[in-house]
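Before any comments, here is the structure.
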Amino acid sequence: MKESVASGPSEYAVDEYAVELSGCTKEFAMPGGGSYFAVRDINLRVEPGRFVSIVGPTGSGKSTILSMAAGLLEPTAGNVRSYGTPVQGVNRRASYMFQQDALLPWKSVIDNVSLGLTMAGVSKTEAYSEARRWLEKVGLKNFADRYPHQLSGGMRKRTAVAQAWIVDPDILLMDEPFSALDVQTRQIMENELLQLWQESGKAVVFITHDLDEAIALSDEVVILGAGPGSTVVGSYEISIPRPRDLLDIRDDPQFIELHREIWGRLKIEVSKTYEAALAEDGEVA
Amino acid sequence: MTMTGSKESPKSVHTSPDGARGQLTRGRSGKSAGRKPGMSALTMRTAQLVLALVVLGGWELLGRAGIIDEFFFPLPSDILATVWVWISTGYVFPHLLITMEESILAFIVGAGVGLFLGFLLARVRFLERLLDPFLQMFNALPRVVLAPIFLLWFGLGIWSKVAFGFTLVFFIVFFNTLEGVKGVDRVLVDNARMLGATEKQLLRHVFIPSALTWIFSSLHISVGFAITGAVVGEYLGASAGVGYAIAQAQGVFDTRGVFAGMFILMFAVLVIDLLVNRLEKHLLKWRPSRSA
Ligand SMILES: Nc1ncnc2c1ncn2[C@@H]1O[C@H](COP(=O)(O)OP(=O)(O)OP(=O)(O)O)[C@@H](O)[C@H]1O
Ligand SMILES: [Mg+2]
């Protein structure tokens, strides 16, 4: 069940990975001179059609890894490839759902959702009708003309989902997309995500704080160690059969067993982070 | 955290001399400040009218009673009469036209160059670092001292005033645009780039709309500065314009004429500011209303 990180599943040829980070290190220059290693020597491989979650304590560099995969951040060392080609500039085959609000506040919901299409040269009428289809999917068809500030937090997240997926990317990069949602909305969105993904064959890299969510959704859960300079400390294959019933999955014996095993590993990293924070507070005081 | 930053009403960063700013911004914030519940718009208007009548009436009475010197503070009724004479005889219109022409030219050229350089320097870090000290130096210069030299360079015609107004308008628009573009939320830029935006599309969909709030706050101020530039320039040396008319009146100790010129300018600025407000409301309709 547990497998070593670096080797990866061997039945795929190297150039078939949707996302491939090899030996990626990211170092941030600090204002007072010196530097901070956010992540060190990250190896991550995601095959097309796979759903991979990254879980780790806060500040462990999850967003940093996703930004490198997207081409928004360049690794200090190591390289990033996508479908065999090195990523230079933004990764054109990926879409990104940001941890923060990223809708353009000056565009209405429908203009936000259709933006990716119109910028690609699709005619406005065509882009709008496609956007309407997506708004219906995420349950927002009556809100097309609102501005983002007139929506609830959950509605903004759903708009962001439509905005990111309308361009039909091969890779979905999602940074804690649902953590701001209430439990019910969240479950609806998770179901929605699984359905959209199952019919598509897209690769998903999904970041979350929530181990339950990670196990319930994924084919593979990757655990990141405590920062600074964190790296992948474990990778777990989730072989719960699909389609999964997200409402009852937490009672599944396989789920419980996996959760126990992975949490045992994650707990160590989380408490390391917590202790480091305490120690730092002590130094400051 | 960055989202709130862009929603707050931007303060203009570099406002240079004079009181033009005070005039304009006061008129504006008075409107946006929410009315107290229970006080209808009509009662407020009535109260404002009463206040104006009390002040002007008091002034008139004190003047007639000889308590304030009519020579330095001409009676409001006399000022109004002079304004009427200037308008009915058509005396003021050629002057007003010249002043407006100078202001509009100064404003268009100053705002245009300010916007262009603002966007350029915000996007090209090298240029910003290269030019920064020089721009700071020129901005530190009290602009009024340039008026005499512009008179020598460009003569008594409109171009010396346009040049003078330009130096006032340019820096405000430039610095506000620079700050506005640099202050754009990184996540918004990244999101647009992930959605496939080219540099041109980034400018159109992200940078320009995001900088608009800053640009507008600078437009309110710079419209006033354009007129200030024109009038001060005319006052110092010209053969036409409202500033010239005021200088003429002052030359013959006609304080009524001086005040009449002031009132006419005031109304011209108010009307223009109203138009800018309209445009702003239209272009920034996506913004949450700040009444809450
Ligand atoms: N631009 C930056 N400059 C300096 N340090 C940075 C920068 N971006 C991130 N870091 C640091 O890198 C580390 C990892 O950040 P990152 O945002 O990837 O964490 P994360 O795992 O996504 O955390 P969270 O779960 O809280 O979102 C943090 O310690 C952070 O302070
Ligand atoms: Mg993060």
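Values in this text are rule-based calculations from the coordinates and carry no lab data. Please read all numbers here as calculations on a predicted model, not as lab measurements. Backbone-built Cβ (ideal geometry, glycine too); neighbour counts: all protein chains shown.
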- Take every residue in peptide B:193-205, count the Cβ atoms of other chains within 10 Å of its Cβ, and give the average of those counts. 6
- Query: Which one of A:Pro148, A:Pro31, A:Pro253 has the biggest mean-square fluctuation once chain A is modelled by GNM with Cα springs under 10 Å?
  - Reply: A:Pro31
- Message: Compute the angle between helix A:253-284 and the longest alpha-carbon principal axis of chain A, please, reported from 0 to 90 degrees and rounded to the nearest 10.
- Response: 70
- Message: Quick check on chain B: take the gyration tensor over C-alpha atoms, sort the square-rooted eigenvalues as a ≥ b ≥ c, and tell me if it's rounded (a/c under 1.5), prolate or oblate.
- Response: oblate
- Take every DSSP beta bridge whose two residues both sit in the protein assembly as shown, then give the antiparallel share in percent to the nearest 5. 50
- the range B:25-175: spread of alpha-carbon positions along the three principal axes, whole Å, largest first, is 64, 49, 29
- Note on the structure: Simple spin-label estimate for A:Ser200/B:Trp153, 7 Å along Cα→Cβ, in nm, reads 5.9
- Of the options A:Leu193, A:Ala69, A:Leu104, report the single residue whose Cα projects farthest towards the positive end of the charge dipole of the range A:64-196 (beta-carbon charges: Lys, Arg +1; Asp, Glu -1). A:Leu104
- So what is the relative contact order for the range B:213-292, in percent, with contacts set as C-alpha pairs under 8 Å and at least six apart? 26
- Message: How charged is the neighbourhood of B:Glu199? Take every other residue with its Cβ under 11 Å from the Cβ of B:Glu199, and add Lys/Arg as +1 and Asp/Glu as -1.
- Response: +4
- Query: If you build the Cα gyration tensor of the protein assembly as shown and take the root of 5 times each eigenvalue, what three semi-axes come out, in whole angstrom, biggest first?
  - Reply: 63, 26, 22
- Note on the structure: A correct fewest-to-most ranking of A:Ile215, B:Ile149 by other Cβ atoms within 10 Å would be B:Ile149, A:Ile215
- Item | Mean-position separation - Cα centroids, the range A:177-252 and the range B:68-95, in angstrom | 78
- Query: Compactness ratio of the range B:172-250: Cα Rg over 2.2 N^0.38 Å, N = residue count?
  - Reply: 1.72
- Per-selection metrics, chain A (Cα): Rg and Dmax in Å: 19.3, 61
- Taking every other residue with Cβ under 15 Å from the Cβ of B:Ala240 and scoring Lys and Arg +1, Asp and Glu -1, one gets -2
- Taking only Cα atoms and a 10 Å spring cutoff, compute GNM fluctuations for chain B and point out the largest among B:Leu61, B:Leu274, B:Leu195. B:Leu195
- For B:Leu51 paired with B:Ile108, estimate the spin-label separation in nm (one decimal), with each label point 7 Å from Cα along the Cα-to-Cβ line. 3.8
- Filtering chain B for DSSP H helices with an axial alpha carbon extent of at least 27 Å and a Kyte-Doolittle mean of at least 1.0 returns B:41-64, B:92-123, B:158-182, B:208-236, B:255-283
- Message: Given 20 °C and 1.002 mPa s, compute D for the range B:123-193 with the Stokes-Einstein relation, Rh being the Kirkwood radius over Cα pairs; round to the nearest whole µm²/s.
- Response: 148
- Please quote Rg/Rh for the range B:114-163 to two decimal places, taking the Kirkwood radius as Rh and restricting both calculations to Cα atoms. 1.13
- Note on the structure: With A:Val52 itself left out, Lys, Arg at +1 and Asp, Glu at -1 over residues whose Cβ is under 11 Å from its Cβ give -2
- Item | Relative contact order %, chain B, counting alpha carbon pairs below 8 Å whose residues are six or more apart | 29
- Here the alpha-carbon Rg of the range A:41-163 over 2.2 N^0.38 Å rounds to 1.22
- Let me know the shape class of the range A:101-210, please: from the alpha-carbon gyration tensor, a ≥ b ≥ c as square roots of the eigenvalues, rounded when a/c is under 1.5, otherwise prolate if a/b is greater than b/c, or oblate. oblate
- Message: Let me make sure I get this right: for the range B:226-292, a, b and c are the square roots of the gyration tensor eigenvalues over alpha carbons, sorted descending. Under 1.5 in a/c it's rounded, otherwise prolate if a/b > b/c, else oblate. Which is it?
- Response: prolate
- the range A:27-179: relative contact order from alpha carbon pairs under 8 Å, six or more residues apart, as a whole percent, is 26
- Just counting partner chain Cβ atoms within 10 Å, what average do the residues of peptide A:95-103 show around their Cβ? 5
